[in-house]
Amino acid sequence: MYSKEQKDIALRIYHQTESVTETIRILGYPTRRNLYTWIAEENTPPKTRKEYPVINNPPDHPCNPPLVEGSVSSTDISSDEINQLKAQIQANEKWLTDITEFAIPAGKVYLSPIVDCFDGLLVDWNISTSPYALLVNSMLDDVAKLLSVGEKSIIHSDRGVHYRWPGWIDRMEKNGFIRSMSKKGCSPDNSACECVFGRIKNELFYNADWSGVNISEFIGILNDYLYWYNEKRIKKSLGYLSPIEYRHRLGLVT
């Protein structure tokens, strides 16, 4: 698909910028997958991860706990510190949801996730080739099974028809969820969920050539990315941990 000359130019720009994203932005090609393959074939040693300083003073925002020197294991944090962090905001307390579309040459794919405001974890998600009610209703059925007895979450959405249909409303009431919806004509009310979609598309979808990928393959790629997003993608607001690592540190998951 790309000539040897294009490959050499891309690698030269990459070595100058030391950034895959910047290389693709400058040249307009290749796909991330191709560029990573070329870098691996060149046997380029991986870049050393930047060492970030330890933050001694806790930020004001409840989602920004202080970094702890040494291992990120919860055994290195005192029980008082863990209880203090847990008290600031509870996991599964405030959730966001929405639907986004991925249009590729083979067709359209729709993603409906539940995002936890506590740490940005994707609690659950559904992927489908049609934005029918089943896409969101079955997702709600699944997340209801994840909660402990007595746990009731606020679920915020926009005013889309999916969240005003009887099937959604009945499930919300049956499981004791608290409905929260954006004001009319005020899309920024659900901007936190839209930001998640933006990050997913910037990192996975945009600047990629999907012409040779069928629907089933794309769904598999998207699903793998979402698992990676939860388990490996680090966030500054979580002390440079992934959402799963952060919950491990607080002892919320085993």
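The values are calculated or read from the model by the stated rules, or taken from the named source; none is laboratory data. As the structure is a computational prediction, the values presented were derived from the model and not from experiment. Backbone-built Cβ (ideal geometry, glycine too); neighbour counts: all protein chains shown.
So V161 passes all but one of these: (1) over 18 Å from the mean Cα position of the chain (by Cα); (2) under 23 Å from I104 (Cα atoms). Which condition number does it fail? The single condition V161 does not satisfy is (2). Only one of the numbered conditions (1) farther than 15 Å from N207 by Cα; (2) in contact with a Leu (Cβ under 7 Å, 6 or more places away or on another chain); (3) modelled with pLDDT of 75 or more is violated by A10, and that is (1). Note on the range 117-152: residues that are over 22 Å from Y227 (Cβ atoms) and either touching a residue at least 24 places away in the same chain (Cβ under 8 Å) or not assigned by TED's automatic domain parsing to the domain that holds L222 (or both) total 5. It is to be established whether one or more residues within the range 163-186 are over 17 Å from I99 (Cα atoms), touching a Phe, Trp or Tyr at 6+ places or on another chain (Cβ under 7 Å) and surrounded by fewer than 18 Cβ atoms within 10 Å (Cβ to Cβ). Checking the range 163-186: not a single residue is over 17 Å from I99 (Cα atoms), touching a Phe, Trp or Tyr at 6+ places or on another chain (Cβ under 7 Å) and surrounded by fewer than 18 Cβ atoms within 10 Å (Cβ to Cβ).
Just to be sure I understand, how many residues within the range 204-248 are of a type in the set (D, E) and either surrounded by 15 or more Cβ atoms within 10 Å (Cβ to Cβ) or in a loop (DSSP other than H, G, I, E, B) (or both)? So the answer is 2.
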